[in-house]
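Structure, as structure tokens:
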Amino acid sequence: MTKKIETALVQGGRNPTKAYGFVNPKLVRGSTVLYPDMATKLDTGRHVLEPVDIYGLCGNETHFALEAMIAQVEGGTRCQVVGSGLAAITVPLLAYLKAGDHLLVPDSVYGPTRTFCDGLLRRYGVETNYYDPMLSEDAARAALRPNTSVLFTESPGSHTFEVQDIPMLARVAHTAGVKLFMDNTWGIQNFQPFTHGVDVSIQALTKYAGGHSDIILGAVTVNCDEDWRWLRFGALELGSYASPDDCWLALRGLRTLNLRLKAQGGAALHLAHWFAARPEVARVLHPALPSCPGHEFFVRDFTGACGLFGVVFKPEYSPEAVVAMIDALQLFGIGASWGGYESLVLPTTGTIRRSAGTGEFEGKMARFQIGLENMDDLIADLEQGLAALRAA
């Protein structure tokens, strides 16, 4: 029986609803697994690719329940949870790449991903080139080399929200025998990566899956046995591990993900339209608005949005004016994460790192994460914040 997303989030990662016992799966902590005899130990050791209790580092039933849930939400077959969203990026890159390989990464990528590529991967003999996230199919083909192994995507892009043409990039990558990775943290349940050609989907479960700004966690999902072997053995060889406490909290957070995402995504879209009508604003970088690069791909490929978007202020407003606006806000915390229940704001001008000549906008920028506060209260706070912007 195929389940809709609302049902999958409630029922996934649990025993059958009519089974005797508590509603939520139990939290299991442990390192050592004891066996009744050597025959059982030897047999269990052969099943490292399966959700079997072998040793604590290989995961336990708490991990396995969350992994099953994430794989179901993303439409994949297998998932590996790891200790952070950044680890969800670095573990599969290290698992798939080797010295002498070439990696393509969008210029709009999350800053720590760029740091990893320019640092550790370079030292290990992997060359990274950055490409315009809005490149054409011909340009994508021209960017590939004979030694290109992975084409990395992040859609929408970090801070500037470019929506990439994932089906086109998948077509280009697979024609050349290249794996397509995607950081799908913004899309969460609203973008189905494997129906659009993605091979490896990355999620920072720190964000909406946890939903309460109190865990650090990541997940990597694949859709075939070959990719699962690469990912699973890579994670084990790297000793990658996720706290079972965080996994249990993520499972609990996922039960209400659909409701929170609808509320926060709807509020963010309302405020994006509100900002777009303001005289202080040059453009709004929300994928659901035509002013955002790749809006046409969002309309075609996504079923909804989350609560994160960017605002570009008109050129006459200085960085100091944007800071004055942010300091004047009372309901928006100044914080770098997102996906929790609380509203946040972050100035992004001066923090965006680019090397392929992309990401130029007409004015200074800020990123907004919209939480679950009352809409009228948020608008009143933004009104007085914009007054401080004008007065600066």
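The values are calculated or read from the model by the stated rules, or taken from the named source; none is laboratory data. Not measured: the values here are computed from a predicted model. Heads up, the Cβs are rebuilt from the backbone with ideal geometry, glycines too, and the neighbour counts pull from every protein chain shown.
For the reader, a short list of remarks on this structure follows.
- In region 202-209, the count of residues that are outside the structural domain of Lys364 (by TED's automatic domain parsing), among the basic types (Lys, Arg) and surrounded by fewer than 18 Cβ atoms within 10 Å (Cβ to Cβ) is zero.
Yes/no matrix, rows are residues, columns are (1) touching a strand residue (DSSP E or B) at 6+ places or on another chain (Cβ under 6 Å); (2) surrounded by 17 or more Cβ atoms within 10 Å (Cβ to Cβ); (3) on the phi < 0 side of the Ramachandran plot:
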residue: Tyr317; (1), (2), (3): no, yes, yes
residue: Phe332; (1), (2), (3): yes, yes, yes
residue: Thr348; (1), (2), (3): yes, yes, yes
residue: Gly357; (1), (2), (3): no, no, no
residue: Glu362; (1), (2), (3): yes, no, yes
residue: Leu372; (1), (2), (3): no, no, yes
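- Matching helices (runs of 4 or more DSSP H) fully within region 240-327 where at least 2 residues are under 19 Å from Phe361 (Cβ atoms): 257-276, 295-301
- Candidates Leu57, Leu27, Leu93, Leu66 - the one that is surrounded by fewer than 22 Cβ atoms within 10 Å (Cβ to Cβ), in a helix (DSSP H, G or I) and within 27 Å of the chain's Cα centre (by Cα): Leu57
- Selection status of Leu217, over 17 Å from the mean Cα position of the chain (by Cα) and either assigned by TED's automatic domain parsing to the domain that holds Ala71 or closer than 30 Å to Gln264 by Cβ (or both): no
- Looking only at region 347-381, and only at residues there that are closer than 12 Å to His159 by Cβ and of a type in the set (Val, Ile, Thr), the one that is modelled with the lowest pLDDT: Thr351
- Of the numbered criteria (1) crowded, with 21+ Cβ neighbours inside 10 Å; (2) closer than 25 Å to Arg232 by Cα; (3) within 21 Å of the chain's Cα centre (by Cα), the one Val126 fails is (3).
- Odd one out for Gly100 among (1) of a type in the set (Gly, Ala, Ser); (2) closer than 17 Å to Val126 by Cβ; (3) touching a residue at least 60 places away in the same chain (Cβ under 8 Å); (4) surrounded by fewer than 22 Cβ atoms within 10 Å (Cβ to Cβ): (3)
- Residue list for region 374-384, filter: in contact (Cβ under 8 Å) with a residue 60 or more places away in the chain, surrounded by fewer than 20 Cβ atoms within 10 Å (Cβ to Cβ) and not β-branched (Val, Ile, Thr): Met375
- For Leu42: the one exception among (1) part of a loop (DSSP other than H, G, I, E, B); (2) more than 25 Å from the chain's Cα centre (by Cα); (3) among the aliphatic types (A, V, I, L, M): (1)
- Region 97-193 holds strands (runs of 3 or more DSSP E) entirely within its bounds, and those carrying 1 or more residues that are out of contact with any Ser or Thr (no Cβ under 8 Å at 6 or more places or on another chain) and of a type in the set (S, T, N, Q) map to 127-131, 148-154.
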